[in-house]
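Beneath this line is the structure, given in structure tokens, with notes to follow.
The values are calculated or read from the model by the stated rules, or taken from the named source; none is laboratory data. Keep in mind it's a predicted model, so treat the numbers as computed, not measured. Note: ideal-geometry Cβ built from the backbone for every residue, glycine included; neighbour counts use all protein chains shown.
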Amino acid sequence: MMVGVPSMLREVIANVFRRPATVKYPYERLEPPDGFRGKHSIDWDRCIGCGVCARDCPAFAIEMVEVDGRRLPSIDLAKCIFCYQCADSCPRGAISPTKVFELAAVRKEELVIRPEGL
């Protein structure tokens, strides 16, 4: 039992002089790394309403809705697994990831990205 005490004491002393591994969130923030997949950004002007994003979504988080005679995607972030298959499948590149990761909401409806006018 006493064999582990010196090695543990060495570890404690070494960690006292190291920089903390965490930050005091939300007072300090870290920038998400390149390639981070946060909230979706949809360029509504580039979307042609083909529905490939909805067809390829493994979580069935995308629904095509009718807005002013156009079919546009509505993304439910509560269902989304952030795999971004929708962005990879989009022939026009209308869907892209952002670095927004704070998605807390009071109501589930707040987690749906809807086209303008809905």
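Things worth noting here:
- Identity of the residue in the range 31-50, over 15 Å from the mean Cα position of the chain (by Cα) and of a type outside the set (Val, Ile, Thr), that ends up nearest to Arg114 (Cα to Cα): Trp44
- Listed by first and then second residue, the pairs linking a residue in the range 51-63 that is closer than 14 Å to Pro115 by Cα and in contact (Cβ under 8 Å) with a residue 24 or more places away in the chain to a residue that is assigned to a strand (DSSP E or B) and hydroxyl-bearing (Ser, Thr, Tyr), with Cβ atoms under 9 Å apart and 6 or more places separating them unless they lie on different chains, are Ile62/Ser74.
- Residues of the range 41-54 satisfying the condition of being farther than 16 Å from Leu111 by Cα and either among the β-branched types (Val, Ile, Thr) or not in a loop (DSSP other than H, G, I, E, B) (or both): Ile48, Val52, Cys53, Ala54
- The set of residues in the range 55-71 that are in contact with a strand residue (DSSP E or B) (Cβ under 6 Å, 6 or more places away or on another chain) and assigned to a loop (DSSP other than H, G, I, E, B) contains only Ala61.
For (1) farther than 27 Å from Arg29 by Cβ; (2) under 15 Å from the mean Cα position of the chain (by Cα), each residue gets a yes or a no:
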{"residue": "Arg55", "(1), (2)": "yes, no"}
{"residue": "Ala59", "(1), (2)": "yes, yes"}
{"residue": "Tyr84", "(1), (2)": "no, yes"}
{"residue": "Ser96", "(1), (2)": "no, yes"}
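- Residue within the range 3-17 that is assigned to a loop (DSSP other than H, G, I, E, B), over 25 Å from Val112 (Cβ atoms) and at pLDDT below 95 present: yes
- If only residues of the range 88-118 that are under 17 Å from Ala59 (Cβ atoms) and in a loop (DSSP other than H, G, I, E, B) are counted, the one that is modelled with the highest pLDDT is Cys90.
- Residue in the range 72-87 that is surrounded by 16 or more Cβ atoms within 10 Å (Cβ to Cβ), in a strand (DSSP E or B) and polar (S, T, N, Q) present: yes
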